[in-house]
Amino acid sequence: MNGLMMDMPLLISDLIRHADRHHGSTEIVSKTIEGGAIHRYTYAEAHRRSRRLAKALGRLRVQLHDRVATLAWNSYRHFEIYYAVAGTGAVIHTINPRLFPEQIAYIANHAEDKVLCFDLNLAPLVDKLAPLLKSVKAFVAMTARATMPKVQIPNLHCYEDLLEAEDDRLEWPSFDERSAACLCYTSGTTGNPKGALYSTARPCCTPTPRRFPMRSTSRRAT
């Protein structure tokens with residue numbers, strides 16, 4: 001006999017939907033890479049932009065279980081990437097920018113990353129690494145057109161241009177909650193870094209108050 005309650009998968013997209021529905025006016029506050037200005041917007045705005053990014057990633061041919069890597073710091077764009085990737089059934093692969101370049105190349109190739117998103121101040125690093133990243137088909141600079149880096153990175157896209165080309169009419173897909181969602185690699189271990197793969201249900205099991213505030217006050221993106 002099966003139970004009849006909560007017959008639905010635990011999905012990361014449910015977290016941002018919950019935040020939008022119940023805390024849509026609450027602010028997410030972060031510091032930008034371009035000049036260090038403080039950026040403020042709401043969960044509702046973040047949800048809209050995440051849906052637009054999800055559609056843009058689809059145009060870059062990101063499919064279920066594909067790995068989308070980031071070389072980036074804590075910012076509102078990184079926040080959006082997390083939900084756009086994991087929310088559509090792909091795998092968000094956060095790479096530690098402080099690792100040695102040869103370790104970053106090994107990690108990206110071992111994970112078979114398909115897309116690499118990077119912050120503006122890490123463009124020189126990505127410029128050097130790009131020829132070594134055999135599986136990466138597209139690079140995304142996490143900035144606007146006016147501040148695009150002058151580099152020789154192939155198949156380079158502008159983050160804000162990608163969003164501008166899409167609307168936010170997207171229904172988050174449903175899939176098995178045991179599907180992979182987040183990939184991290186170890187550092188400081190013997191031999192090459194080792195990957196740890198989390199299911200899409202795992203972040204949903206973290207108590208909600210740690211992720212979304214219960215009052216309409218400003219919080220920093222994490």
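Please treat every number below as a calculation from the coordinates, not as lab data. Small disclaimer: the values here were computed from a predicted structure and weren't measured. Ideal geometry is used to build each Cβ from the backbone, glycine not excepted, and the neighbour counts take in all protein chains shown.
By DSSP, the beta bridges lying fully in the chain are antiparallel in about 35 percent of cases. If you run the Gaussian network model on the chain, springs between alpha carbon atoms under 10 Å, then out of K134, K194, K150 the most flexible one is K150.
Are there any helices in the chain, counted as whole DSSP H runs, that stretch 18 Å or more along their axis by Cα and score at least 1.0 on average by Kyte-Doolittle, and if so which? All intermediate terms of the calculation are to be shown ahead of the outcome.
Numbers: long enough: 43-59 (24 Å, -1.22).
Result, helices passing both filters: zero.
Normalised by the number of residues in the range 12-207, the average gap of Cα pairs under 8 Å and 6 or more apart makes the relative contact order 21 percent.
What does the convex hull of the Cα atoms come to per residue for the chain, in Å³?
Values: hull volume 31.2 nm³, N = 222.
Here the figure is 140 Å³ per residue.
Cross-link partners of K137 among lysines, defined as those whose alpha carbon lies under 28 angstrom from its own and excluding same-chain residues fewer than eight positions apart: K55, K114, K128, K150, K194.
Using a 10 Å cut-off around each Cβ, can you sort D66, D113, D176, D7 from fewest to most neighbouring Cβ atoms? Don't skip to the answer; put the middle values down first.
Numbers: D66 21, D113 24, D176 11, D7 7.
The order, fewest Cβ neighbours first, is D7, D176, D66, D113.
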